1. Scan the range 29-72 residue by residue and report those that are hydrophobic (A, V, I, L, M, F, W, C), open to solvent by 80 Å² or more (accessible area, probe 1.4 Å) and either in contact with a helix residue (DSSP H, G or I) (Cβ under 7 Å, 6 or more places away or on another chain) or at pLDDT below 90 (or both).
2. Any residue in the range 10-28 that's surrounded by fewer than 14 Cβ atoms within 10 Å (Cβ to Cβ): show its pairings with residues that are modelled with pLDDT under 95 and assigned to a helix (DSSP H, G or I) at Cβ separation under 7 Å, as long as the two are six or more apart or on different chains.
Amino acid sequence: MTGPPVNGERRPLPPALYEAGFPVDLLTEEQREVLAELTPEELALLLDVKSRLDAVGPEVQAHGEIAGGALF
C-alpha cells in the first residue's frame, strides 16, 4: 500500500466494484482508500468471493425464513 495521494485527491475506485454491486457510495473514506489500493490479484479475489456469496444468498435467505417461520 502506498497511502493516500499526495495531492489530496481521492483515488478512483476500480469500476469492477461498481459493476459487481458493491455499495461503494456507503463506504467510509478509509474503506474507499483500502479498496482503491487493492492489487489486481486482490481485486479479482474479492470479486470472486462476492460472486460466490451472492450466488448462495437467496438459498441462505430462504433457509432463514423457513427456520424462522417454524420457530414462531
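1. Val60, Ile66, Ala70, Leu71, Phe72
2. Pairs found: Tyr18/Val24.
The values are calculated or read from the model by the stated rules, or taken from the named source; none is laboratory data. Predicted model, so just to flag it, every value in this text is computed and none were measured. With ideal geometry, Cβ positions are generated from the backbone for all residues, glycine too; neighbour counts draw on all protein chains shown. Just so you know, the surface numbers come from the protein's heavy atoms only, side chains and all, with ligands and any DNA or RNA stripped out. Shrake-Rupley method; radii C 1.70, N 1.55, O 1.52, S 1.80 Å.
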